[in-house]
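A.B. asks: Take this structure, written in C-alpha cells, and hold onto it; I'll ask about it next.
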Amino acid sequence: MKRALIITYYWPPSGGAGVQRWLKFVKYLRAYGWEPVVYTPENPESPESDPSLLRDIPPDLEVVRYPIWEPYSAYKRFLGRKKEEKVQAAFLSEEKKNRRAEGLSVWIRGNFFIPDARKFWIRPSVKFLLSRLKDHPADLIVSTGPPHSMHLIAQQVASRTSIPWLADFRDPWTQIDFYKDLKLTSLADARHRRLEKSVLQHANAVSVISPTMAEDFQSIFPRKYEVITNGYDEEDTGREVAEPDPAFSIAHIGTLTGTRNPVVLWQALKELLVTEPGLRNDLRIKLVGKVDHSVTTALGAHGLTEFTERMEYLPHNDVIRIQQASRVLLLLINNTQNSKGILTGKFFEYLAARRPILCIGPPDGDAAAILRQTNSGLISDFDDITQTRINIQSYYRQFRENSLSIHSRDIEQYSRKALTGKMALLMDSLLRLNQV
C-alpha cells in the first residue's frame, strides 16, 4: 500500500464541518491502494465534539497526535469568557458582542497570528515530522485547510524531503468571506497573500471544492487546480429512512452565521402567514446548530419566533435523520463576495436525503448549477422576495396536496466513495510525476 501522511487540524472526536471531508477520504482510501496516516493535534480547540464520527475511522488506522499550543486561553480571558466555552468560527456570536473588546481581539488575531492561531504548531510539527519520516516513510504528503498553518507545515516538510505534496483547500484563504473583517494592516495583508501564493505555487498539486474557487485561485497563481467537491456517505444515508414530519418543516442544518441570515426568506414567510390559508398551523422552522444573534433578532422582528425550533449541535447520525424527516431543506449561501463558489458539505447530504431543497443564493453560482443538474430544488437570489415567496408557496401547496417530493438525478457522482476514487487518481498521478 502506498502511504499518505495527512496533516489535518480537525479529526474526531472533534465535530463540525471541518472534519468531514478528510475523515471520509481516509475511510475509503484503502480501497484505492492508499494507506493513510493522520497527523493531528493532541489537544485542539475544536468548535464541537462528536464521538459518533469515530465509527468512520478505519480499523487499525495510524493516528499520530502531537501537542499544540494555541492562544485561546488568553483570548477567552480577555473577552471574559469561560475556559470551557468553545471558540466559534466565521465570527459567529450567539449573543451581542462587546464591540470594543471583540474589535481589538480581531485586530490582534489578523495581524499577529498569520496565517492563523495555529501558527505556533508549525515549527514543532516540522521538526517532529522530519524526524519521524526517517523511520516511518511516506509516499505523499497531504495538507488540508483551513487552518492554513497545515499547508505551511506540509510545505516545509516537503521541501526538505522531496516527498510530493498535495494541498487541499476546503475554503479559500484571502478570498474567504470574512477576510475583510480581520482588520488587517497593509503589511499583514501582504504577508497573508505572499504565503498563500507560495503554497499555490510550490504544492505539487492543489485541490479545491468548487469550480469558482479554482477560478479565483487562478487569479492569484495560474496553474491547474483539481476540483473535487464535498459529498455524502452512502453508509450514512442508506440506513432506515426517517418518517416525514407531520408539519410543513423547513430545516437548516449547520452553523447559521450573520452572513447567511436570509432576511428575504423571513419576509416572505411573514407575508405568506397572512395570505396562505393553513400555513400558521403547519409551519415549523428547524434550526440545527449554532445560530448568530442577528438571525435570532430577525426571526423575532418578523414574528417567526413561535414557529421556530432550535437544536444545539447534534451527533452526525441524528442530523441525518432530521434531514430525511424534514419536508424542506434550507440551503443558505453566504451573502458575500465569494458566494458563487460556496458549496457547503451539508449541501451534498441534502441531495442524499432526497428532500426538496430551498436555496437562497446566487442563481449563477456553483450550488445553483448542481441544483439544476440534479433537479433537487428551487433557488432565489438574496434580495428576490417575489421568487422566494413563489418557491415557498409551491412547496407548501404540494405539502397540502400530499405530493411534496423530489425526483433528483445523477447524485451518485457526489458519493464519498466515488469522490475518494477521484482523489486517489490525483494522488497516484503525483507519484508517477515524482518518479519521472
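A.B. asks: Take the alpha carbon gyration tensor of the range 234-412, find the square roots of its eigenvalues, order them as a ≥ b ≥ c, and report rounded if a/c is under 1.5; if not, report prolate when a/b exceeds b/c, else oblate.
C.D. replies: rounded
A.B. asks: Which distance in Å, rounded to a whole number, links the C-alpha centroids of the range 359-432 and the range 1-56?
C.D. replies: Here the answer is 26 Å between Cα centres.
A.B. asks: Express in nm, to one decimal, how much length is gained between residue 271 and residue 402 on full extension, taking 0.36 nm for each residue of separation and deducting their alpha carbon distance.
C.D. replies: Once the chain is fully extended between residue 271 and residue 402, it gains 44.9 nm.
A.B. asks: For the chain, the longest stretch holding no GluC sites (Glu not before Pro) located in a DSSP loop with at most 15 other Cβ atoms within 10 Å is which?
C.D. replies: Of all site-free stretches, the longest is 96-239.
A.B. asks: Can I ask one more? Only counting other Cβ atoms within 10 Å, I'd like 178, 248, 112 sorted with the fewest neighbours first.
C.D. replies: By the 10 Å Cβ count, ascending, the order reads 112, 178, 248.
A.B. asks: Projecting each Cα onto the charge dipole of the chain (Lys/Arg +1, Asp/Glu -1 at the beta carbon, about the Cα centre), which of 47, 184, 330 comes out farthest on the positive side?
C.D. replies: 184
A.B. asks: Grab the DSSP H runs of the chain that are 4 residues or longer, score each as -39,500 (n - 2.57), total them, divide by all residues and round the 222 nm result to the nearest 500 deg cm²/dmol.
C.D. replies: -13000 deg cm²/dmol
A.B. asks: For residue 191 and residue 162, calculate 0.36 nm times their separation in residues minus their Cα-Cα distance, and state this gained length in nm to one decimal.
C.D. replies: Answer, rounded to one decimal: 7.9 nm.
A.B. asks: A further question follows. Could you give the Stokes-Einstein D for the range 218-263 in µm² per second, using the C-alpha Kirkwood radius, 25 °C, 0.890 mPa s?
C.D. replies: Translational D for this selection: 155 µm²/s.
A.B. asks: What is the magnitude of the charge dipole of the range 234-412 about its Cα centre, with +1 placed on the Cβ of each Lys and Arg, -1 on the Cβ of each Asp and Glu, and no other charges, expressed in debye to the nearest 20?
C.D. replies: 300 debye
A.B. asks: Next question. Pairing the Cα long axis of helix 149-161 with the longest principal axis of the chain, what angle in degrees results, from 0 to 90 and rounded to the nearest 10?
C.D. replies: 30 degrees
A.B. asks: Take the cross-link list 2/27; 127/422; 127/417 and give me the ones stretching past 22 Å between alpha-carbons.
C.D. replies: The answer is 127/422; 127/417.
A.B. asks: Note the full-extension length gain between residue 65 and residue 198 as 0.36 nm times their separation in residues minus their Cα-Cα distance, in nm to one decimal.
C.D. replies: My answer for the length gained is 45.2 nm.
A.B. asks: How would you rank 282, 318, 60, 50, going from fewest to most other Cβ atoms within 10 Å of each one's own Cβ?
C.D. replies: With the fewest neighbours first, 282, 318, 60, 50 line up as 60, 318, 282, 50.
A.B. asks: State to the nearest 20 debye the size of the charge dipole of the chain about its Cα centre, where the only charges are +1 on K and R beta carbons and -1 on D and E beta carbons.
C.D. replies: I would put it at about 1240 debye.
A.B. asks: Can I ask one more? Test of understanding: ordering 293, 148 by Cβ neighbours within 10 Å, fewest first, what list do you get?
C.D. replies: 293, 148
Every read-out reported here was derived from the displayed coordinates using simple, explicitly stated rules and does not represent laboratory data. Since this is a predicted model, take the numbers as computed values, not measurements. So basically every Cβ, Gly included, is an ideal-geometry build from the backbone, and we count neighbours across all protein chains shown.
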